[in-house]
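Contents: one structure, followed by commentary.
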Amino acid sequence: MDTLAYDPDAREPGAPARAKSQLDLELRSIRKCYGSFTAVDGVSLQVEKGQFVCLLGPSGCGKTTTLRCVAGLEEPDDGGILIGGKEVTRDPPWQRDIAMMFQDFALFPHMTVARQVGFGLEMLKKPRAEIVQRVNQVLTSFEIASLADRKPASLSGGQRQRVALARAMITEPRILLLDEPIGALDYSLRETVMLELKLLQQRTGISFIWVTHDQNEAFSLGDLVVVMNHARIEQQGPPEEILQRPATAFVASFVQGNNVFHGKVTEILAGALWVETPVGAFVVPRPMTGPTPALGTAVSFSVRAELISDLGVERQVNRLSVRCTAVEYFGSVRRHVFARADGEVLKVDQFGAQAARIVPGQTVQLGWAADAGVLHAVSPDGQGTRL
Ligand code: ATP
């Protein structure tokens, strides 16, 4: 795709210049109920100008409802929504500086690509000549000019996706809301489309709020990843932070490659804690922020699969003897699955380039460093820590 000539700061003539530090979106403790069911519960979020934000979480956790509140398709029962610093909580969708792209693209079947793409400008009652010029520019920019006279039924999935994106972006919104935008595409197309969308987002400076339940999408695209569970935000931060320092047992188990342990604090050392679990006692660093749990407190912690090894175990303070049940080879990584005595599985990753050392059926001693574990906070809904 060529550069989409777009400067989000170039607003209508006479409009005041935006402060560079202004937030594109702010959610202030929004709540949305359907009857007695709470679909979104006290969600607060700040999206900086031009950020790529991914709302990630299991089915039914409230991602789409949150997005629909931002779009103005749902009205929150409580809380506030600000777009570009302006309160829009009760404003209709067309009075918000946003565009939305749905998973099924919601293209109009009877309209040609050119008409489809210009539809937003028609609704804004822009002059005909301006619409034609702008549509041509955007069709070229999205490399779909040759499809101008075609109708959606004759387009491939990837082409339909570009048309939907061009239609959403032609009105130059401040924020583009995308609900599982590549979920309908073939697996082979997804990586290319993801890269294109990321580059497009960076070039245009439009904030993207992208809903997905696919963590690969969220971690490879997002500047900010917001993990939701049971209508609330469990953790938000850059991908590295969510991956390396899961804040709760839910986040740790939802994110691939973590081993979660539940237990209680039995000893407090200068920089660490001893935690007694059903499969042994382990040393875990004290939390980097917040209070240290008291003796006897129920806690959980996680250790990433690549930080556990069968090598140099005698030097490690944390050790565990387990039986290997399966080995999966993914090319870059070889994943070993072990049966833990508490019925859970333990995952251990080894670089795929290394020779295989452990085979299914083998019982091995594994170890990890004292600083490898991450202690969790209790989940916002009180779940996630159990003995
Ligand atoms: P998915 O990934 O499956 O799309 P999600 O995280 O986007 O899930 P939402 O669509 O936001 O979840 O739904 C959150 C909860 O609210 C679900 O339990 C859903 O059934 C419920 N819900 C959503 N819309 C309505 C509605 N109009 N009426 C009643 N319940 C609703």
DSSP-assigned coil residues among trypsin sites (Lys or Arg not before Pro) in region 56-126, each with at most 16 further Cβ atoms within 10 Å: 90, 125
Through the Karplus equation 6.51 cos²θ - 1.76 cosθ + 1.60, θ set to phi - 60°, convert the phi angles of region 335-349 into ³J(HN,Hα) values in whole Hz; use x for Gly and Pro. 9, 9, 10, 10, 8, 8, 5, 8, x, 7, 9, 10, 10, 10, 9
Helix-only estimate, please: 222 nm mean residue ellipticity of the chain, summing -39500 (n - 2.57) across DSSP H runs of length 4 or more and dividing by its residues, to the nearest 500. -6500 deg cm²/dmol
Work out from phi, with θ = phi - 60° and the Karplus expression 6.51 cos²θ - 1.76 cosθ + 1.60, the ³J(HN,Hα) of each residue of region 195-210, listed in order in whole Hz, and give x for Gly and Pro. 5, 4, 5, 5, 5, 4, 4, 5, 5, 7, x, 7, 6, 10, 10, 10
Can you pull the one-decimal nm distance between simple spin-label points at residue 354 and residue 321, each 7 Å off the Cα toward Cβ? 2.2
With +1 on each Lys and Arg Cβ and -1 on each Asp and Glu Cβ, and nothing else charged, work out how big the dipole of region 2-240 is about its Cα centre, in Debye to the nearest 20. 660
Mind listing the phi-derived Karplus ³J(HN,Hα) values for region 241-247, rounded to whole Hz, using 6.51, -1.76 and 1.60 with θ = phi - 60°, and x for any glycine or proline? 5, 5, 6, 8, 10, x, 7
Return a whole-number percent for the relative contact order of the chain, with Cα pairs under 8 Å and 6 or more residues apart as the contact set. 16
Check which residues have an amide H placed less than 5 Å from residue 211's amide H, if you skip close sequence neighbours. 55, 178, 179, 180
Between region 143-191 and region 204-261, what is the C-alpha centre distance in whole Å? 25
What do you get for the angle between helix 113-123 and the principal long axis of the chain? Use alpha-carbon atoms, 0 to 90 degrees, nearest ten. 80
For residue 206, the residues 5 or more places away or on another chain with a placed amide H closer than 5 Å to its own amide H are none
Can you tell me the accessible area per residue over the chain, all protein chains present, probe 1.4 angstrom, in square angstrom? 46
Could you work out which residue, out of 212, 89, 292, moves most in a Gaussian network model of the chain, that is, has the largest mean-square fluctuation with Cα springs under 10 Å? 292
Between region 60-90 and region 291-333, the alpha-carbon center distance in angstrom: 41
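The values are calculated or read from the model by the stated rules, or taken from the named source; none is laboratory data. Small disclaimer: the values here were computed from a predicted structure and weren't measured. FYI the Cβ positions are ideal-geometry reconstructions off the backbone, even for glycines, and counts take in every protein chain you see. Calculation scope for accessible area: heavy atoms of the full protein, side chains included, ligands and nucleic acids excluded. Shrake-Rupley method; radii C 1.70, N 1.55, O 1.52, S 1.80 Å.
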